[in-house]
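Notes for the one structure printed next.
The values are calculated or read from the model by the stated rules, or taken from the named source; none is laboratory data. Source: prediction; values computed, not measured. Here the Cβ is made from the backbone with ideal geometry for all residues, glycine too, and neighbour counts use every protein chain on show. Quick note on the areas: whole protein, heavy atoms, side chains included, nothing else; ligands and nucleic acids left out. Shrake-Rupley method; radii C 1.70, N 1.55, O 1.52, S 1.80 Å.
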Amino acid sequence: MSSAGLPQGTVPKLERPGPLRERVYEALLELITTRALRPGQHLVESELAGHLGVSRQPVREALQRLNTEGWVDLRPAQGAFVHEPAEEEADQLLSVRTLLEAEAARLAAAHSGRPGIEALEELCARGEQAVADDDVDLAVATNAAFHAKVMELAGNVVLSELAAQVDRRVRWYYTPVARRRGTQSWIEHRELIAAIASRDEGRATEVMRAHTEHTRQTYHLREQS
């Protein structure tokens, strides 16, 4: 397994103000979510502390928290490693995501006005440009923002809270298939915008369910040529 080495300049030094342990935790979680730290990668406390410009103590505390949340595996006598999700684990989470997102699409179609539609169109254009530029990181971030906006337009606080619990893990699974999903993903987003704009709840539900199912299937096919 490779260690926690990262390309020079990948991780900015953390600013001191604010709760340091929380900032270290967020920095490491972002690196894992974006796969700058890859599944199975050995996480060496001293190396991570050096990258982040902090002592080893907040890194150790962050790794323990990440272990509790399932992002990191702490192995006796071996150390910390980025968690490697099993296929079934990914399948379960992406299936739950489909349920949440389909309901959000239905509610968005029922409640959205023109400002909300315009916001979705702007995000879609940004995502299409990211794909055209082969900017995977921006495509992933914009995809997350698009789905978060649909969830916001749904106007259901409980649904949003549930979605927030799986959002980062969904990004984690989406990153390795973002290039493969490519333009097709944003074509499906356009179809969703059209359904929401026409206030067609059934069509919006159908499009979102198919869209998230395509991502789930693509994840399972990611190792195939």
- Message: If every alpha-carbon in region 89-174 counts as one equal scatterer, what log10 I(q)/I(0) does Debye give at q = 0.12 1/Å?
- Response: -0.37
- Relative to the longest principal Cα axis of the chain, at what angle does helix 136-154 sit, 0 to 90 degrees, rounded to 10? 50 degrees
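Which value, in debye to the nearest 20, describes the size of the charge dipole of region 78-158 about its Cα centre when Lys and Arg Cβ atoms bear +1, Asp and Glu Cβ atoms bear -1, and nothing else is charged? Could you put the intermediate results ahead of the total?
On the way: 5 positive and 16 negative charges, 107 e Å.
I would put it at about 520 debye.
Given contacts defined as C-alpha pairs under 8 Å and at least six residues apart, what's the relative contact order of region 105-225, whole-number percent?
Numbers: 125 pairs, mean separation 49.8, N = 121.
It comes to 41 percent, rounded to a whole number.
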- Message: Let me check against my output: what whole-number percent is the relative contact order of the chain, with C-alpha pairs under 8 Å and at least 6 apart?
- Response: 23 percent
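Would you please report the Å³ per residue occupied by the convex hull of the alpha carbon atoms in the chain? Present the calculation step by step, with values, prior to reporting the outcome.
On the way: hull volume 31.3 nm³, N = 225.
Enclosed volume per residue, from the Cα hull, is 139 Å³.
How high is the FRET efficiency from Glu84 to Gln217, r the C-beta distance, R0 22 Å, rounded to 0.05? Provide the component values of the computation, followed by the final result.
Numbers: r = 20 Å, r/R0 = 0.93.
For Glu84 and Gln217, the calculated efficiency is 0.60.
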- Query: Once every DSSP H run of n ≥ 4 in the chain is given -39500 (n - 2.57) and the sum is divided by its residues, what mean residue ellipticity at 222 nm do you get, rounded to the nearest 500 deg cm²/dmol?
  - Reply: -23500 deg cm²/dmol
- Would you mind telling me the share, in percent, of accessible area of the chain contributed by carbon and sulfur at probe 1.4 angstrom? 51 percent
- Message: If I fit a long axis through the Cα atoms of helix 56-68 and take the longest principal axis of the Cα atoms of the chain, what angle between them do I get, 0 to 90°, rounded to 10?
- Response: 50 degrees
- Picking from Ala154, Ala49, Ala77, which is most flexible by a Gaussian network model of the chain using Cα springs under 10 Å? Ala77
- Nearest 10 degrees, 0 to 90: what angle lies between the long axis of helix 201-220 and the longest principal axis of the chain (Cα atoms)? 30 degrees
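If you put +1 on each Lys and Arg Cβ and -1 on each Asp and Glu Cβ, how big is the dipole of the chain around its Cα centre, in Debye rounded to 20?
Working: 27 positive and 34 negative charges, 85 e Å.
For this selection, approximately 400 debye.
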- Note on the structure: With 0.36 nm assigned to each residue of separation and the Cα-Cα distance removed, Arg190 to Ala164 gains 7.0 nm
- Taking the dipole of the chain about the Cα centre (Lys, Arg +1; Asp, Glu -1; charges at Cβ), the one of Val96, His211, Leu20 that reaches farthest to the positive side is Leu20
- Residues of the chain: accessible area per residue with a 1.4 Å probe, Å²: 50 Å²
